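Student: Just passing along the structure, written as structure tokens.
The values are calculated or read from the model by the stated rules, or taken from the named source; none is laboratory data. Fair warning: this is a prediction, and the values are worked out from it, not measured in the lab. Cβ coordinates were reconstructed from backbone atoms using ideal geometry, including for glycine residues, and neighbour counts include every protein chain displayed.
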Amino acid sequence: MSKVSITREDFLDDRQGRTFADVLKDTEQPFEDVLAFFSDESRQLRMEESELHHDRAPLAGVVRELESVPTIDQLLSGIHSQQTQRFRQAIGVLVRIVMQRRGWKKTGKKGSLGVRASASKSTPSHNTGGLAFWFIRAERYKLVKGMPFQSVTERSQEMQSAHPQRAEQS
């Protein structure tokens, strides 16, 4: 699959994307950096590989790199939880647009990216464990044409169906 580039106009043309026009219009939010980040072909490939080979949400494949972009980290480290929440949600919409254009569809399930620290009014919301420092969970996807591999859960269910006495002994 070739690279997908998403512009501000593409984002605003999306039904869900247009609900985040405030994020795009806010000059203090580095959404141009986010658009450039997710328009990179190698990152898009890592997002797909995250689903295919690691059974994790696409964002899991790039989240550490995303959070290390200075302008993005600076915004997310702010205490303005409503502003950072909308920014993170807009990133989720952008991930969906990229994945859909690359032949994927949403599963309706979320994958964990981190374990949230106890809430505090003096520090920004962040994680104490997991892959990501700022993101808690992200949408999962599957290929429209079908997944080439079964998940461990699917394989386990098949094995238990084929060997019911084995499952009873467990």
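Student: Out of Ser151, Ser161, Ser112, I need the residue that is in contact with an Asp or Glu (Cβ under 7 Å, 6 or more places away or on another chain) and on the phi < 0 side of the Ramachandran plot. Which one?
Tutor: Answer to the check: Ser151.
Student: Further, regarding this structure: So, in the range 64-107, of the ones that are touching a residue at least 40 places away in the same chain (Cβ under 8 Å) and small (Gly, Ala, Ser), which residue ends up nearest to Val144 (Cα to Cα)?
Tutor: The selected residue is Gly103.
Student: A further question follows. For the range 134-156, give me each residue that is among the small types (Gly, Ala, Ser) and under 30 Å from Val69 (Cβ atoms). Even if it seems obvious, please write down each step before you answer.
Tutor: First pass over the range 134-156, keeping only residues among the small types (Gly, Ala, Ser): 138, 146, 151, 156.
Passing the criteria: only Ala138.
Student: Just checking, which of Ser50, Ser125 is among the hydroxyl-bearing types (Ser, Thr, Tyr), within 16 Å of the chain's Cα centre (by Cα) and either surrounded by 20 or more Cβ atoms within 10 Å (Cβ to Cβ) or farther than 22 Å from Arg15 by Cα (or both)?
Tutor: Answer to the selection: Ser50.
Student: Return the residues of the range 10-31 that are surrounded by 13 or more Cβ atoms within 10 Å (Cβ to Cβ) and part of a helix (DSSP H, G or I); say none if nothing qualifies.
Tutor: Across the range 10-31, the qualifying residues are Asp10, Phe11, Leu12, Gly17, Thr19, Phe20, Ala21, Val23, Leu24, Phe31.
Student: Have a look at Ser118, Ser112 and point out the one that is surrounded by 12 or more Cβ atoms within 10 Å (Cβ to Cβ) and more than 17 Å from Asp73 (Cα to Cα).
Tutor: Testing whether each residue is surrounded by 12 or more Cβ atoms within 10 Å (Cβ to Cβ) and more than 17 Å from Asp73 (Cα to Cα) leaves just Ser112.
Student: Output the helices (runs of 4 or more DSSP H) that fall wholly within the range 32-140 and possess 1 or more residues being basic (Lys, Arg), or say none.
Tutor: 41-54, 63-67, 81-101
Student: Out of the residues in the range 128-155 that are hydroxyl-bearing (Ser, Thr, Tyr) and at pLDDT below 90, which is surrounded by the fewest Cβ atoms within 10 Å (Cβ to Cβ)?
Tutor: The qualifying residue surrounded by the fewest Cβ atoms within 10 Å (Cβ to Cβ) is Thr153.
Student: Determine which member of the set Val115, Val144, Val98 is within 12 Å of the chain's Cα centre (by Cα) and either under 25 Å from Arg15 (Cβ atoms) or of a type outside the set (Ser, Thr, Tyr) (or both).
Tutor: Working: Val115 fails: within 12 Å of the chain's Cα centre (by Cα); Val144 fails: within 12 Å of the chain's Cα centre (by Cα).
The match here is Val98.
Student: Considering Leu76, Leu59, which residue is crowded, with 19+ Cβ neighbours inside 10 Å, within 23 Å of Gly114 (Cα to Cα) and out of contact with any strand residue (DSSP E or B) (no Cβ under 9 Å at 6 or more places or on another chain)?
Tutor: Leu76
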